[in-house]
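K.L.:
My questions will all concern the structure given below.
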Amino acid sequence: MSQTGIVFNVQRYTIHDGPGLRTEFFLKGCPLHCAWCSNPESWDPKIQYGVYSSKCIGKDACGACLEACEHPEALTFKKGRLARIDYSLVTDGKELYDACPSDAIKQWGYEMTVDECMKVVLKDKGYYERSGGGVTVSGGEPLLQSEFVADLFAACHEAGVQTCCESTFHVGWDAIERVMPVTDIFISDLKTMDTEMHRSRIGAGNELVLDHLQRVVDAGCDLILRIPVIPGVNDGMDNVRATADFILDRLHGRIRVLQLLSFMRLGVEKYQSLGMPYGMRGVKVEREAFQAHVDEIADYFCSRGIHCVVGTKERQ
Ligand code: SF4
């Protein structure tokens, strides 16, 4: 019996998370909660249901969710349309999702076996071979489902497909070790060197992540390092200098590339659909000036001898 994982998205022909053309599986569950996360539907390891009010037909014209719900008082309607589900009363939204005739209730997450994943993967084998691509798992934190990832990657290797694991590294070392023999490339973030900032904006101190980055590099793994450049969190030059010191001293500069990803307001509507607050509300960025600042940061890393790019395009 092949392992089963909880996946919330599968994308084919992606180009951002690893070399070449890739098939990417996004797995549910994350131990961190970055304030700028564009995938809040990934945080909870369980299958979830979100509300897209604009797609609701209206409780007078439809009302199917009210009829299907054991606790109709858990459903809030605004201007006749479903606006919110109180999940302290509704423990499983599947009955509402099944009842809804429109896309007003969206399911985030579904089960997939390794065999089912491999059927998707093998459709694109020719593209991987021609482009130097393969399969990526991301999240959320895919290594919360490390047994599933290990089995999926073993199946990929058996089929001659390259594998890439994008992890926060805020997981137990046993999970990283489990996938290491079948992972060709790791991708991980180094969000900030300031552990208090890490704790307040990301949800935990950075010690575990820094330790695991070093252990992965010391084990000889291929690592793409990323910094999501976030205004007011990690874009100050003190943090940039401390990051360069860490890469050169503790990682011995042995990374494939450092990629800087500029802050973007993405996924705001998903927070709304899940009734979650968006952590970057009110943060405004003057795009041109911020991009110039990110370019300056990249220049600094390059001046320290670190191969650094803005974005994800060049990564060989
Ligand atoms: S079942 Fe769907 S479309 Fe109908 S009232 Fe409920 S949310 Fe709206």
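What follows is calculated from the coordinates using simple rules that are stated; it is not laboratory data. What you see is a predicted model, and the numbers here were worked out from it, not measured in a lab. Every residue, glycine as well, gets a Cβ built from its backbone with ideal geometry; the counts of neighbours run over all protein chains shown.
K.L.:
Let me have the relative contact order for segment 19-136, percent, based on Cα pairs under 8 Å that are six or more residues apart. Working shown, then result.
P.N.:
Values: 156 pairs, mean separation 44.5, N = 118.
That works out to 38 percent.
K.L.:
Can you tally the net charge around Glu158? Count Lys and Arg as +1, Asp and Glu as -1, for every other residue whose Cβ sits under 13 Å from the Cβ of Glu158.
P.N.:
Counting the neighbours of Glu158, the net charge comes to -1.
K.L.:
Counting Lys and Arg as +1 and Asp and Glu as -1, each charge on the Cβ, what is the dipole of the chain about the Cα centre in debye, to the nearest 20?
P.N.:
It comes to approximately 820 debye.
K.L.:
Only Cα pairs within less than 10 Å get springs; with that Gaussian network setup on the chain, which residue of Lys59, Lys106, Lys79 has the largest fluctuation?
P.N.:
So, out of Lys59, Lys106, Lys79, the one fluctuating most is Lys79.
K.L.:
Which net charge results for the neighbourhood of Arg250, defined as the other residues with beta-carbon distances under 15 angstrom from its beta-carbon, given Lys and Arg at +1 and Asp and Glu at -1?
P.N.:
-1
K.L.:
What pairs in Lys46/Lys79; Lys191/Lys284; Lys55/Lys270; Lys59/Lys94 have C-alpha atoms more than 24 Å from each other?
P.N.:
Lys46/Lys79
K.L.:
Report the local net charge at Ser262: Lys and Arg +1, Asp and Glu -1, summed over other residues whose C-beta lies under 10 Å from its C-beta.
P.N.:
Taking every Cβ under 10 Å from that of Ser262, the sum is -1.
K.L.:
With a length cut of 15 Å (Cα positions projected on each helix's long axis) and a Kyte-Doolittle mean of at least -1.0, go through the chain and give me the DSSP H helices that pass.
P.N.:
146-158, 207-218, 237-249, 287-303
K.L.:
Next question. Report, in deg cm²/dmol and to the nearest 500, the calculated mean residue ellipticity at 222 nm for the chain, where each DSSP H run with n ≥ 4 adds -39500 (n - 2.57) and the sum is divided by the residue count.
P.N.:
Values: 11 runs with 105 residues, N = 316.
Using -39500 (n - 2.57) per qualifying helix, the result is -9500 deg cm²/dmol.
K.L.:
Tell me the relative contact order for the chain as a rounded percent, counting alpha carbon contacts under 8 Å between residues six or more apart. Spell out each step's value before the answer.
P.N.:
On the way: 594 pairs, mean separation 63.2, N = 316.
Averaging sequence separation for qualifying contacts and normalising by length gives 20 percent for the chain.
K.L.:
Moving on. With +1 on each Lys and Arg Cβ and -1 on each Asp and Glu Cβ, and nothing else charged, work out how big the dipole of segment 91-164 is about its Cα centre, in Debye to the nearest 20.
P.N.:
The dipole magnitude comes to about 380 debye.
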